[in-house]
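S.K.: Next up is a structure, given as structure tokens.
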Amino acid sequence: MDWTNRDSDLNVWEAVPETGYLEEAYKAFVDSIVPRSPDLAELYGMIQYYGALDFNTDEYLIMSMGSLYVPVAVLGAEVLNTAARQYLYERDGEANVEPPLNGSYFARLTMNERLAVMAVLLGPDRINYFPVQENFALEDILPIFPIMNRLTFMGYYSEWWGYGTTRILPPSQRVLEYFPGSWEQIGYPGPSLGYRAARTYDYTE
């Protein structure tokens, strides 16, 4: 049986709501990129404990992936799950590749297993792990994983979480309800009408 990219997980989507499938995959992904940090919390205070899930970074990632010039939110989840399914098959054989109840292979993995899958996606053989999907050329699929990485950090360190209940509204209607926790983690003072900047330097000294 061929478990490479010739067979996508589209059949799994038919069994579960698409939103649930996306949420499980992206929650697991952002949690792997920016996990909670209890050790840092002990050293530097409780604010350093929180990770991407605490700041709703998965919502930002799904929204951003779906807002690109070619919406790829579903494709990104399929990339994660196809790679995870291949990982399970290579490790344990066909018996461990039955679709999980939530439809997401990636979400069923442990943290270390997810990192192993992500390392494969970044490696030289990653092409074998990408699903084939109609209307997407190979050059469209290859950048998906790097884009997901960048957007995760953008969402985590942006004002996204601070928008609170307004974050799902159109941008013109969002209001900063809270000071973003990630800003507090790194000591960012927040938006300002202008910061002082040196305009010239005396290079003669």
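The values are calculated or read from the model by the stated rules, or taken from the named source; none is laboratory data. These figures come from a predicted structure and were not determined experimentally. Heads up, the Cβs are rebuilt from the backbone with ideal geometry, glycines too, and the neighbour counts pull from every protein chain shown. The protein model used for the area step is the full one, side chains on, heavy atoms only, and it has no ligands, DNA or RNA in it. Shrake-Rupley method; radii C 1.70, N 1.55, O 1.52, S 1.80 Å.
S.K.: Residues to consider are 157, 178; find the one that is in contact with a helix residue (DSSP H, G or I) (Cβ under 7 Å, 6 or more places away or on another chain), open to solvent by 90 Å² or more (accessible area, probe 1.4 Å), closer than 19 Å to residue 53 by Cβ and at pLDDT below 95.
M.R.: Values: 157 fails: at pLDDT below 95.
Selected residue: 178, the only one of 157, 178 that is in contact with a helix residue (DSSP H, G or I) (Cβ under 7 Å, 6 or more places away or on another chain), open to solvent by 90 Å² or more (accessible area, probe 1.4 Å), closer than 19 Å to residue 53 by Cβ and at pLDDT below 95.
S.K.: Every residue in region 37-71 that is polar (S, T, N, Q) and on the phi > 0 side of the Ramachandran plot, please. Steps first, please.
M.R.: Initial filter on region 37-71 (polar (S, T, N, Q)): 37, 48, 56-57, 64, 67.
Selection gives 56 alone.
S.K.: Additional query: When you scan region 87-129, how many residues do you find that are in a helix (DSSP H, G or I) and either among the aliphatic types (A, V, I, L, M) or at pLDDT 85 or above (or both)?
M.R.: The total comes to 19.
S.K.: Return the residues of region 45-67 that are more than 12 Å from the chain's Cα centre (by Cα), in contact (Cβ under 8 Å) with a residue 40 or more places away in the chain and assigned to a loop (DSSP other than H, G, I, E, B); say none if nothing qualifies.
M.R.: If the condition is that a residue be more than 12 Å from the chain's Cα centre (by Cα), in contact (Cβ under 8 Å) with a residue 40 or more places away in the chain and assigned to a loop (DSSP other than H, G, I, E, B), then 50, 54, 55 are the ones that fit.
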